[in-house]
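Undergrad: My questions will all concern the structure given below.
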2 protein chains.
Amino acid sequence: MNPSFRSEPAAKDVAAVRAVVASTGFFSEEEVRIAEELVEVTLEKGQAEGYHFVFLEMGGSLVGYTAFGPIPATRSSWDLYWIAVHASRRGQNLGRVLLDETEARIRAAGGTRVYADTSGRAQYAPTHRFYEACGYHRAAELPDYYAPGDAKLTYCKKLET
Amino acid sequence: MNPSFRSEPAAKDVAAVRAVVASTGFFSEEEVRIAEELVEVTLEKGQAEGYHFVFLEMGGSLVGYTAFGPIPATRSSWDLYWIAVHASRRGQNLGRVLLDETEARIRAAGGTRVYADTSGRAQYAPTHRFYEACGYHRAAELPDYYAPGDAKLTYCKKLET
């Protein structure tokens, strides 16, 4: 079961993305809906909406994905909107595999910086360690952004050119 | 010519917003297009898209406006996407008038925090002073976000409840 990458969303990805994102236990139903919607709107309107994807499949099933895109009105900054690996595949380094592939595609498209927002809550400590292990630094912290006591952290990586 | 507020966008506002935003000399053509698009998409699809407006008119003409909305997946944080006053009306305190009205509407809708992003370039020093005079503090700075040497500053105000 070699992993394979795909970037074009297919109709089946709406449900598959929902399953992956929901499996992690990290996201609210509202957030799961947002994740689905990025796929839906791209199926409907194409890349013009600004969303890019890396889908990672093993044995024909989606095991993880990223959603990302150029930030409007910036020279070459990109946002990582989503990165998720199915809970059943945790501990296999697939997040790193996905992020490496995603950064390679951003770099190929001329991107020089990647930004990733996440929550400051203790539950997200593994996420913070993941970004730091992947060469990201914590560039900003907005206290009480998501809710009282729930800060937004912005991680940033400058891509090698 | 008493100033009057309006929140429902009309077809004429697409061109009027373009004229106001372009007159300031602060925004690129890409940014002017984005400002127009928020009005267009709201005319087409209604408030479901998440954009709210305060249009300030004097003598039947648009002299300034704000665009703002609740930030998805946050409890009660709102983004101020746009605030602009026509260059011909500068120095009349209309930015403050617009921002006060906008904050009142955000508060009435249950919002507790307002975020406003702007550029760190020297050209924007009057914008920084404006936000600070209106009770905002600089909550984050992301160097080289818009372009090399062009940081993104995020201003924040906690609304009194």
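No value in this document is a laboratory result; all are computed from the given coordinates. It should be emphasised that the depicted structure is a prediction, and the values quoted were computed from it without experimental measurement. A quick note on method: Cβ atoms are made from the backbone with ideal geometry, for glycine too, and the neighbour counts reach across all protein chains shown.
Undergrad: Keeping to the stretch A:83-124, report how many residues are without any contact (Cβ under 8 Å) to a residue 60 or more places away in the chain, within 14 Å of chain B (Cβ to nearest Cβ) and not hydrophobic (A, V, I, L, M, F, W, C).
TA: 10
Undergrad: Taking into account only those residues within the stretch B:50-60 that are farther than 11 Å from B:Pro9 by Cα and in contact (Cβ under 8 Å) with a residue 12 or more places away in the chain, which is nearest to the other protein chains (Cβ to nearest Cβ)?
TA: This residue is B:Gly50.
Undergrad: Residue by residue through the stretch A:42-59, note down the ones that are assigned to a helix (DSSP H, G or I) and either on the phi > 0 side of the Ramachandran plot or aromatic (Phe, Trp, Tyr) (or both).
TA: Scanning the stretch A:42-59 gives a single hit, A:Gly46.
Undergrad: Moving on to the next point. Is it the case that some residue within the stretch A:25-41 is among the polar types (S, T, N, Q), free of Cβ contacts under 8 Å to residues at least 40 places away in the same chain, closer than 17 Å to B:Ala73 by Cβ and in a loop (DSSP other than H, G, I, E, B)?
TA: Looking through the stretch A:25-41, at least one residue is among the polar types (S, T, N, Q), free of Cβ contacts under 8 Å to residues at least 40 places away in the same chain, closer than 17 Å to B:Ala73 by Cβ and in a loop (DSSP other than H, G, I, E, B).
Undergrad: Return the residues of the stretch A:93-128 that are polar (S, T, N, Q), in a helix (DSSP H, G or I) and under 18 Å from A:Glu31 (Cβ atoms); say none if nothing qualifies.
TA: Answer for the stretch A:93-128, where residues must be polar (S, T, N, Q), in a helix (DSSP H, G or I) and under 18 Å from A:Glu31 (Cβ atoms): A:Gln123, A:Thr127.
Undergrad: Please go through the stretch B:65-77 and give me each residue that is within 11 Å of another protein chain (Cβ to nearest Cβ) and assigned to a strand (DSSP E or B), ordered by number.
TA: Across the stretch B:65-77, the qualifying residue is only B:Ser77.
Undergrad: Please verify whether A:Leu62 is under 25 Å from A:Arg107 (Cβ atoms) and assigned to a helix (DSSP H, G or I), treating the condition exactly as stated.
TA: The answer is no for A:Leu62.
Undergrad: Which of the residues spanning the stretch B:61-71 are touching a Leu at 6+ places or on another chain (Cβ under 9 Å) and touching a residue at least 40 places away in the same chain (Cβ under 8 Å)?
TA: B:Leu62, B:Val63, B:Gly64, B:Tyr65, B:Phe68
Residues are listed down the side, and each one gets a yes or a no for (1) surrounded by 15 or more Cβ atoms within 10 Å (Cβ to Cβ); (2) out of contact with any strand residue (DSSP E or B) (no Cβ under 9 Å at 6 or more places or on another chain):
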position: B:Ser4; (1), (2): no, no
position: B:Glu8; (1), (2): no, no
position: B:Arg18; (1), (2): yes, yes
position: B:Val32; (1), (2): yes, yes
position: B:Leu56; (1), (2): yes, no
position: B:Tyr65; (1), (2): yes, no
position: B:Gly69; (1), (2): yes, no
position: B:Ala73; (1), (2): yes, no
position: B:Ser76; (1), (2): yes, no
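Undergrad: Determine which member of the set B:Tyr131, B:Tyr146 is surrounded by 18 or more Cβ atoms within 10 Å (Cβ to Cβ), within 14 Å of chain A (Cβ to nearest Cβ) and not in a loop (DSSP other than H, G, I, E, B).
TA: It is B:Tyr146.
Undergrad: B:Arg138 fails exactly one of the following numbered conditions: (1) in a strand (DSSP E or B); (2) under 23 Å from B:Ile34 (Cα atoms); (3) without any contact (Cβ under 8 Å) to a residue 40 or more places away in the chain. What is the number of that condition?
TA: Single failed check for B:Arg138: (2).
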